[in-house]
Amino acid sequence: MTAEIINGKEIAAKKRLEIAEEVEKLKSKGVTPGLAVILVGNNDASRTYVKNKQKACEELGMNSLLIKMSEDVSEEELLSKIEELNGDPSIHGILVQLPIPKHIDEKRVIESISPLKDVDGFHPINIGRMMTGQNAFLPCTPYGILVLLEESGISIEGKHVVVVGRSNIVGKPVGQLLLNKNATVTYCHSKTKDLTKHTTQADILIAAVGIANFIKAEQVKEGAVVIDVGMNRNEEGKLCGDVAFNEVSEKAGYITPVPKGVGPMTITMLMYNTLKSASESISD
Ligand code: GUN
């Protein structure tokens, strides 16, 4: 079997058009969605991510506010900036780009963001609301995966989903979101015994381990849907996923490539969450 490629770039572009239309409608009611991004220090990857987030805001007609803080900023100063943004009615989404320097308590920072403006979906209140199936900001990469599956016409109910990786940002929440859609979910991680025994049972296999080409064809069931969340650099410095794409695409039914798979969906769902926050700010 040769897998159908799930084109994340195309699906993201379609979603962004829909978001831009909704932004225009909100603007006609006098509200322009605004996203504040706080960047602490000079991490190169973080700078690129933040630039892309600002660019997306501009393209979709939203306001973006970039707050740069030096590597040695105090925790108090960062918390006080977040407090100020929590009370700013022109700001609907607040995001602190991770990682932040070690002298700052990441949990304390995340919990200081108003759950009503937590467009990353990282606040424990939003995580709890997601787990119990209530209205919440859903974390952007897992939400993007859900949209990729839905837009590709792949049904989730009753499917066996195997998630490889248990990070708080991707692995854990993506399993939870798919469980909410009535999938049967298995989590695998670095201590799992006989990984292949589990992964070959998957109707939908989600690889979120952060190791280049970790998932091989022998670990995939014929015809399975394979979602690759990896963003790794191989020996030649080329971007590659957690899945050995060439061999797995000969066996899978559907597969996301890297790049142009899951990646473009993450910022798209951040834009969606910011729009949702702005809409809800006038509907209460
Ligand atoms: N660093 C890497 N990914 C993310 C993300 O989705 N949100 C934030 N805030 N920081 C990140």
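Please treat every number below as a calculation from the coordinates, not as lab data. Note that the structure is a prediction, hence the values are computed from the model and not measured. Every residue, glycine among them, receives a Cβ derived from its backbone with ideal geometry; neighbour counts consider all protein chains shown.
Values as computed for the structure displayed
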| quantity | calculated |
| --- | --- |
| Candidate set: segment 168-200, residues that are within 16 Å of the ligand (Cβ to nearest atom) and buried (at least 16 other Cβ atoms within 10 Å of the Cβ); chosen: the one nearest to E106 (Cα to Cα) | I169 |
| Filter result for A212 (touching a residue at least 24 places away in the same chain (Cβ under 8 Å) and either surrounded by 18 or more Cβ atoms within 10 Å (Cβ to Cβ) or closer than 29 Å to A136 by Cβ (or both)) | yes |
| Some residue of segment 59-66 being hydroxyl-bearing (S, T, Y) and loosely packed, with under 15 Cβ neighbours inside 10 Å | no |
| Qualifying residue in segment 75-89 (condition: out of contact with any Gly (no Cβ under 9 Å at 6 or more places or on another chain), within 16 Å of the ligand (Cβ to nearest atom), under 19 Å from M269 (Cα atoms) and not aromatic (F, W, Y)) | no |
| Residue in segment 220-243 that is buried (at least 19 other Cβ atoms within 10 Å of the Cβ), within 16 Å of the ligand (Cβ to nearest atom), closer than 15 Å to I5 by Cα and among the β-branched types (V, I, T) present | yes |
| Test: residue in segment 130-148 that is out of contact with any helix residue (DSSP H, G or I) (no Cβ under 7 Å at 6 or more places or on another chain) and either within 12 Å of the ligand (Cβ to nearest atom) or not in a loop (DSSP other than H, G, I, E, B) (or both) | no |
| Failed criterion for E151 (all others in (1) away from the ligand (no atom under 13 Å from the Cβ); (2) in contact with a Leu (Cβ under 6 Å, 6 or more places away or on another chain) hold) | (2) |
| Answer residue from segment 253-274, given it is of a type in the set (A, V, I, L, M) and buried (at least 24 other Cβ atoms within 10 Å of the Cβ) and is nearest to the ligand (Cβ to nearest atom) among those | L270 |
| Cβ pairs under 9 Å, 6+ apart, first in segment 71-91 and in contact (Cβ under 8 Å) with a residue 40 or more places away in the chain, second surrounded by 11 or more Cβ atoms within 10 Å (Cβ to Cβ) and among the hydroxyl-bearing types (S, T, Y) | L78/S112; I82/S112; I82/S114; L85/S114; P89/S281; S90/T32 |
| Any pair with Cβ under 7 angstrom, 6 or more apart, that starts in segment 1-13 at a residue that is in contact (Cβ under 8 Å) with a residue 60 or more places away in the chain and surrounded by 14 or more Cβ atoms within 10 Å (Cβ to Cβ) and ends at one that is assigned to a loop (DSSP other than H, G, I, E, B) and among the aliphatic types (A, V, I, L, M) | A3/A252; G8/V262 |
| Residues within segment 221-253 that are in contact (Cβ under 8 Å) with a residue 60 or more places away in the chain and not in a strand (DSSP E or B), tallied | 10 |
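Matching residues to (1) within 30 Å of E10 (Cβ to Cβ); (2) in contact (Cβ under 8 Å) with a residue 40 or more places away in the chain; (3) crowded, with 20+ Cβ neighbours inside 10 Å; (4) polar (S, T, N, Q):
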site	(1), (2), (3), (4)
G93	yes, yes, yes, no
P99	no, yes, no, no
P124	no, no, no, no
C140	yes, yes, yes, no
I145	yes, yes, yes, no
L149	yes, yes, yes, no
